[in-house]
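Data block below; observations after.
Derivation of every value follows stated rules applied to the coordinates shown; laboratory data play no part. Treat the numbers as computed from the prediction; the structure is a model and nothing was measured. Neighbour counts run over all protein chains shown; Cβ positions are idealised from the backbone, glycine included.
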């Protein structure tokens with residue numbers, strides 16, 4: 001059975017249907033439910049530190065990611081990547097690829113996606129890398145498949161060369177086996193999507209209202225990718241005159257937005273709520289019509305416990321969460337080394 005994957009920024013609660021909990025605190029720790037009060041499992045896998053990023057779960061499998069920045073330089077090392085099943089304790093360190101050897105060097109940045117190809121019945125890891133070549137940056141990509149156990153280089157279109165990478169973008173994996181990142185393209189925010197089955201990229205600019213809204217000292221904007229009824233959405237917040245207004249758009253194909261004059265727009269505006277007094281940023285949907293909201297607008301400003309806001313009833317309720325990234329998982333016997 002294929003299970004929908006959560007965003008790398010998910011905040012989720014412990015419940016009786018869960019078999020384990022992964023907690024982010026100075027790296028990530030895992031607490032299997034059977035011994036939740038004991039010491040966490042070491043996630044270093046022989047490396048010098050805990051993973052920087054966790055993607056998943058997908059059928060109970062997590063994709064763990066390590067990367068470091070060179071001292072005295074602005075360049076990164078290519079990431080070490082492990083596929084790991086916390087239920088079986090099986091881990092698979094992915095092999096090096098052609099990107100790890102000359103002439104590839106001077107890695108400016110790298111992003112990773114993870115998912116399941118239902119047609120080929122295999123798990124895939126996609127790696128999009130920005131290399132510094134002279135005064136330019138060149139984006140290259142490759143895909144690892146669990147069935148073959150190796151990486152393959154992929155040709156990419158010119159529109160992907162305009163995309164700027166960042167080490168920890170907002171990301172989301174949807175039920176249509178597409179992995180999405182929120183990235184910059186020529187100065188505007190866009191969603192970069194990778195289809196695990198077709199192995200193609202698509203770049204979709206965020207709605208014009210978000211990209212045209214100026215970010216100044218007294219005007220702020222923030223956004224988060226969200227999953228609503230199996231559709232990718234983006235929740236945007238606009239801060240002006242001491243208040244925050246939220247707008248939810250869903251991604252569709254050629255559905256004109258009611259306040260967007262672009263006939264080829266891929267966004268449909270679902271709802272607007274607010275203004276709420278204060279500065280807030282959306283974190284995503286909790287369930288049904290409730291949106292998880294945090295006080296503040298970026299990592300350095302976030303403070304206080306997140307709360308839930310119902311966009312239909314316009315009521316909110318507090319949550320007792322620490323704000324650390326957490327992941328729940330169901331036990332799975334799926335192998336991370338290929339096969340069934």
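So, by mean Cβ neighbours within 10 angstrom, what's the order for 77-85, 126-134 with the highest one leading?
77-85, 126-134
Can you compute the modelled spin-label distance between residue 135 and residue 106, with each label point 7 Å from Cα toward Cβ, in nm?
If labels sit at residue 135 and residue 106, their model points lie 1.2 nm apart.
For region 131-177 and region 86-126, write down the distance between their C-alpha centroids in whole Å.
Cα centres, region 131-177 to region 86-126: 11 Å.
Would you order 198, 240 from fewest to most other beta-carbon atoms within 10 Å of each residue's own beta-carbon?
Final ranking by Cβ density, sparse to dense: 198, 240.
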